[in-house]
1. What part of the accessible area of the range B:59-99, given as a whole %, is carbon or sulfur when the probe is 1.4 angstrom?
2. Can you return the aspartates and glutamates within cross-link range of residue B:233? Criterion is Cα-Cα under 16 Å, with same-chain partners fewer than 8 residues away left out.
3. Which one of B:24, B:151, B:82 has the biggest mean-square fluctuation once chain B is modelled by GNM with Cα springs under 10 Å?
4. So how far, in whole Å, is the C-alpha centre of the range B:38-67 from the one of the range B:156-202?
5. For B:17, A:89, what's the largest-to-smallest order of accessible area, 1.4 Å probe?
6. Quick one: plug the Kirkwood hydrodynamic radius of the range A:42-281 (C-alpha pairs) into Stokes-Einstein at 20 °C, 1.002 mPa s, and report D in µm²/s.
7. How big is the C-alpha Rg of the range A:134-244 next to the rule-of-thumb value 2.2 N^0.38 Å, as a ratio?
8. So what is the 222 nm mean residue ellipticity for the protein assembly as shown from helices alone, if each DSSP H run of at least 4 adds -39500 (n - 2.57) and you divide by all residues, rounding to the nearest 500 deg cm²/dmol?
Amino acid sequence: MLAIPFIIFVFIFYYLPLRGWVMAFQDFRPHLGIAGSKWVGWLNFKLLFEDQRFYEVIRNTLAMNLLKLLFGFISAVGLAVILNEVRVYFFKRVVQTISYLPHFVSWVVAGNIIISMLSRGGPLNQFLLSIGILQEPILWLGQKSLFWLIIALTDVWKEVGWNAIIYLAAIASIDPVMYEAADIDGAGRIKKIFYITIPSIMPTIKIIFVMNIGWVLSMGFYQQYVLNNSLVAEVGEVLQLYVIKYGINMFRFSYATAAGIFQTVVSLVLVFIVNKLIRATD
Amino acid sequence: MSKFRTREDLFLDTLIYLFLIFLTFITIYPFLNVLAISLNDAIDSNRGLLGIWPRKFTLYNFQNILSDHQIYHATMISILRTVIGTVLGLTASTVFAYVLSRKDFFLRKFLTAFVLITMYLNAGILPIFFLYRELNLINNFLVYVIPGMVTAFNVIVVKKFIEQLPDSLVESARIDGAGELRILVRIIVPLSLPILATIALFIAVYQWNAWFDTFLYASSRESLSTLQYELMKTLQSAMRNMGSSSVDYVQSATSQMTTPQSVRAAMTIIATAPILVVYPFLQKYFVKGLTLGGVKE
């Protein structure tokens, strides 16, 4: 009966907050509480769906998360395949150890480093100036047209080593007999990569890809929270930030809760569909 | 594998090694550059510092921020929450996972689902905030370590590991008259050390890196601020100033010995250092842990 305290614990911290969802159907005032606040029906959701900004935020969220997914996949699978070709064990280990490093630092630390790299007088500008690609420094993080790309690329920088682990494990479990057979048939290394390695880890790739699709609306927003700024707010604001802006900075509690519910419900539906898809492909 | 190195082989190898060296450089250079800035004279850094070696070596930047009472205090809070949070989280995950792994436990299926669902269920920032307020957790140190004590991912990963231990171990201990708690402490825990080390690392890294909970639940009490949150504040002011042209140069003229850039660099290094020290040693564990977690998914 050791379980009882945990059941209560999980219930309180994960299920009990759902009670707050009724706020979305009220004109909630903290001093009146849920019992005393006025009921307004679906009004908050109606306002939400009428807000032009809301659609822009959804667009930003989807665009950035899909880009991250795409880049993240190609880079992680690519790194795993390339690392697998390395025969010098020590070298492989060193590269891997270093490649995990950014995963373990917070987005605050990573953000500070990225800002430092991309600042007006920072290394990237200096480098591009010195080889003559740029004539004058660019404020990289202030460019609306580049922001999504920067988000995707910095995410790759931070996570590629970590994400490659799972594919390396998948590659390690490929039967060596297949490679030997290919050798006898005279296949080169590139052929072996494309005809053995990649097809063999395809199931892993598929499962992880489909799983991640479920998170496109709710994937981590810390990165945007850290790198977003007034120059790019139009393209940089994601759904979570929108909720925070209305809920915390503007005290529109009910409205923000409605936006939060939208996010959770859509995510749950996506996860559900995706789970069905995985079962179907198996 | 063929023993002959063909021309294709050699070409491919060169390409691979060059690429990986480039990748390693891209990954590590930003850290080393920031480290160099943190160890370089602040005014001198304004001329731009590209290398990974300080030009005018000084420890002043570190002395400066560590003598700042607020930052020192915040660092202590960070250490405290990491230690307490890891101990609590690890204990809770282990005990709960053990309970869920017992095949004779009648609620096992139901409870596993009950826990799994929480991975996808997110009530939202505000409902959670109001709940914490009712529980008196707002502006309370406990908000850092209590709500995150049990997380579905950790519980499930440990449960998975315990389940693949042979049942006969537990049975024979039970026949010898050992109680559940004794079985857990004497048999399960020693056998599960690899996975427990992984989980401990995950929790510790999470605790050390956390800043968003400080912002949401404790930002009105300075004495509860964490190092990451202090760093976040300096970052935000840097972001606000980004639009105005070359802010770093302007501000340095007014301050005496240090600049916002150098302060940020030194804080970034302090926030990174503990992780750098710990993770290479635990590498072999977390790779195993991650693959195990991945299998479930």
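1. 76
2. Within the straight-line limit of under 16 Å, residue B:233 reaches these aspartates and glutamates: B:68, B:213, B:222.
3. Top of the fluctuation ranking is B:24.
4. So the two Cα centres are separated by 50 Å.
5. A:89, B:17
6. D, rounded to a whole number, is 104 µm²/s.
7. Dividing the Cα Rg of the range A:134-244 by 2.2 N^0.38 Å gives 1.54.
8. So the calculated ellipticity at 222 nm is -22000 deg cm²/dmol.
The values are calculated or read from the model by the stated rules, or taken from the named source; none is laboratory data. Because the structure is predicted, anything quoted here is derived from the model rather than measured. Backbone-built Cβ (ideal geometry, glycine too); neighbour counts: all protein chains shown. The protein model used for the area step is the full one, side chains on, heavy atoms only, and it has no ligands, DNA or RNA in it. Shrake-Rupley method; radii C 1.70, N 1.55, O 1.52, S 1.80 Å.
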